[in-house]
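Everything on this sheet refers to the single structure shown next.
The values are calculated or read from the model by the stated rules, or taken from the named source; none is laboratory data. Note that this is a predicted model, so its numbers are computed, not measured. A quick note on method: Cβ atoms are made from the backbone with ideal geometry, for glycine too, and the neighbour counts reach across all protein chains shown.
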Amino acid sequence: MIPIARAAASILVLAAGCDSATSSGAPQSAPVTERPAAGGCAFTPAAIGGRPAWAPDPTDATTPYVLATPPTAVAILVAQPVRAGHPTNPANKVVFGVRSPRLGTPLRIEARATTGDTVHLAIPADVVDAEVYITYLDLPAPGCWRLNLSWGAPQATTILFVDVAP
Amino acid sequence: MGTLSLGFAVSALAIFAVVSLAGEALFGWLHRTPAPSLVAAAALAALALVDLGAFGLHTPMWRRQTPKQLFHRFGPSAGALLWGLDTGLVVTTFRVTSLSWAALALAALGLVPWWSGLLYAIGFTVPAAALVLAVPAHPWSPEDLQEPVWLQYRIMALEPAMRRVALLALLAGAATAGALTVWGMA
């Protein structure tokens, strides 16, 4: 009996390891108050905590974000800080959450520096089950960049500013 | 991925070994009787009821995540190692189901060997490594994205199905343990 019992029990232990694999995705429950953070600039300063309920991970109390104006999109700055050029380790990972449905449309970004330099980006709507776009926000020069965001149909637009470090 | 897996395996091995030793000290005298199987059947059935939400109960867990700041404070390698050491401890982070508690119960009852933490670690690290190493980062995008973030959302969408599978595993385990108890008594 013992070998059979041990084999069956071992299979269950093996399966139990998968219980950890998704545990980090469970939501945190405590409400979080907002506090200032680096990463935004001009009219849209960055904050930590107090993320809008429609945004991804609204209870995240550690990752800075920039709320657009009007507040229909949010840039979550997973990389801190966003750096000029094409940095790696860490790369400039940014999650854009949008309030209105993407409807399969890409997020188009017109990024304009104070020097007048302009960069156009298009991020495909390839994340399922969430109104988010994930990308690496690589901009060529440091400074305060104005991002004009547009997505959806009919097209929604909003603006946010991101501080790009050297 | 390597340091995360190493940390996870070390912690899992340690926690299962400690629970096995404690179980040996407390219940060692029962190991040659059908009692451990009987207790395992009852425990697994009870955990299945808990996961079902019976009597307003919920999966017991410490509602805590490994702090993300570890990566910023200690860097990618040490941060991953610490992350693995934390999550491999089984009891210190969120649980999706009660399968982890069932595994620890089986260790305490002496129904799995003391090193079964390695099996637990394999159950986590092999699928995780497959996801990280084998899945394309961003298959539909011309951009050179480094992480399969899209997969995280798909896995999260599968959570209800995973709960049902775990419930079936608990019930099957309880039934197996019950059958072995009867067999041992016969």
Review point. Out of the range A:122-137, which residues are modelled with pLDDT of 90 or more and surrounded by fewer than 17 Cβ atoms within 10 Å (Cβ to Cβ)?
Key: A:ALA122
Check your understanding: What about B:LEU167, is it in a helix (DSSP H, G or I), under 18 Å from A:LEU12 (Cβ atoms), within 10 Å of chain A (Cβ to nearest Cβ) and at pLDDT 75 or above?
Key -> no
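Determine which member of the set A:PRO71, A:PRO36, A:PRO52 is over 19 Å from A:VAL98 (Cβ atoms), surrounded by fewer than 18 Cβ atoms within 10 Å (Cβ to Cβ) and not acidic (Asp, Glu). Explain how you work it out, then say what you get.
Working: A:PRO71 fails: over 19 Å from A:VAL98 (Cβ atoms); A:PRO52 fails: over 19 Å from A:VAL98 (Cβ atoms).
So the residue among A:PRO71, A:PRO36, A:PRO52 that is over 19 Å from A:VAL98 (Cβ atoms), surrounded by fewer than 18 Cβ atoms within 10 Å (Cβ to Cβ) and not acidic (Asp, Glu) is A:PRO36.
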Exercise for review: For the range A:3-10, state whether one or more residues are part of a loop (DSSP other than H, G, I, E, B) and either of a type in the set (A, V, I, L, M, F, W, C) or at pLDDT 90 or above (or both).
Suggested key: no
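Run down B:GLY184, B:GLY173 and say which single residue is at pLDDT 85 or above and in a helix (DSSP H, G or I). Lay out the reasoning, then the answer.
Numbers: B:GLY184 fails: at pLDDT 85 or above.
None of the others qualify; the one that does is B:GLY173.
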Check your understanding: Does A:LEU149 count as in a strand (DSSP E or B), touching a residue at least 40 places away in the same chain (Cβ under 8 Å) and more than 14 Å from every other protein chain (Cβ to nearest Cβ)?
Key -> yes
Check your understanding: Of the residues B:GLY23, B:GLY75, B:GLY79, which single one is free of Cβ contacts under 8 Å to residues at least 12 places away in the same chain, in contact with a helix residue (DSSP H, G or I) (Cβ under 6 Å, 6 or more places away or on another chain) and in a helix (DSSP H, G or I)?
Key -> B:GLY79
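In this structure, is B:THR33 part of a loop (DSSP other than H, G, I, E, B), surrounded by fewer than 21 Cβ atoms within 10 Å (Cβ to Cβ) and under 17 Å from the mean Cα position of the chain (by Cα)? Full working, then the answer.
Working: part of a loop (DSSP other than H, G, I, E, B): yes; surrounded by fewer than 21 Cβ atoms within 10 Å (Cβ to Cβ): yes; under 17 Å from the mean Cα position of the chain (by Cα): no.
Taking the combined requirement at face value, the residue does not satisfy it.
Here is a check on your reading of the model: is B:PHE16 touching a helix residue (DSSP H, G or I) at 6+ places or on another chain (Cβ under 9 Å) and free of Cβ contacts under 8 Å to residues at least 12 places away in the same chain?
Numbers: touching a helix residue (DSSP H, G or I) at 6+ places or on another chain (Cβ under 9 Å): yes; free of Cβ contacts under 8 Å to residues at least 12 places away in the same chain: no.
Against the criterion (touching a helix residue (DSSP H, G or I) at 6+ places or on another chain (Cβ under 9 Å) and free of Cβ contacts under 8 Å to residues at least 12 places away in the same chain), B:PHE16 does not qualify.
Does B:VAL96 satisfy being in a helix (DSSP H, G or I) and among the β-branched types (Val, Ile, Thr)?
Values: in a helix (DSSP H, G or I): no; among the β-branched types (Val, Ile, Thr): yes.
Considered against the rule, which asks whether it is in a helix (DSSP H, G or I) and among the β-branched types (Val, Ile, Thr), B:VAL96 comes out as no.
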Check your understanding: Can you tell me which residues in the range B:84-103 are more than 8 Å from every other protein chain (Cβ to nearest Cβ) and surrounded by fewer than 23 Cβ atoms within 10 Å (Cβ to Cβ)?
Key -> B:LEU85, B:ASP86, B:LEU89, B:VAL91, B:THR92
Practice item. Restrict the check to the range A:122-134 and report whether at least one residue is more than 14 Å from the chain's Cα centre (by Cα) and more than 9 Å from chain B (Cβ to nearest Cβ). Key: yes
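Mind checking which residues of the range B:47-69 are within 10 Å of chain A (Cβ to nearest Cβ) and not in a helix (DSSP H, G or I)?
We begin by selecting, within the range B:47-69, every residue within 10 Å of chain A (Cβ to nearest Cβ); these are B:59, B:61, B:63-69.
Listed by number, the residues that qualify are B:THR59, B:MET61, B:ARG63, B:ARG64, B:GLN65, B:THR66, B:PRO67, B:LYS68.
Among the listed residues B:LEU119, B:LEU131, B:LEU151, B:LEU145, identify the single one that is in a helix (DSSP H, G or I), facing another protein chain (nearest Cβ under 9 Å) and modelled with pLDDT under 90. Talk me through it step by step, then tell me what you get.
Details: B:LEU119 fails: modelled with pLDDT under 90; B:LEU151 fails: facing another protein chain (nearest Cβ under 9 Å); B:LEU145 fails: in a helix (DSSP H, G or I).
None of the others qualify; the one that does is B:LEU131.
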Check your understanding: Of the residues that make up the range A:121-134, is at least one under 18 Å from A:ALA46 (Cα atoms) and not hydrophobic (A, V, I, L, M, F, W, C)?
Key -> no
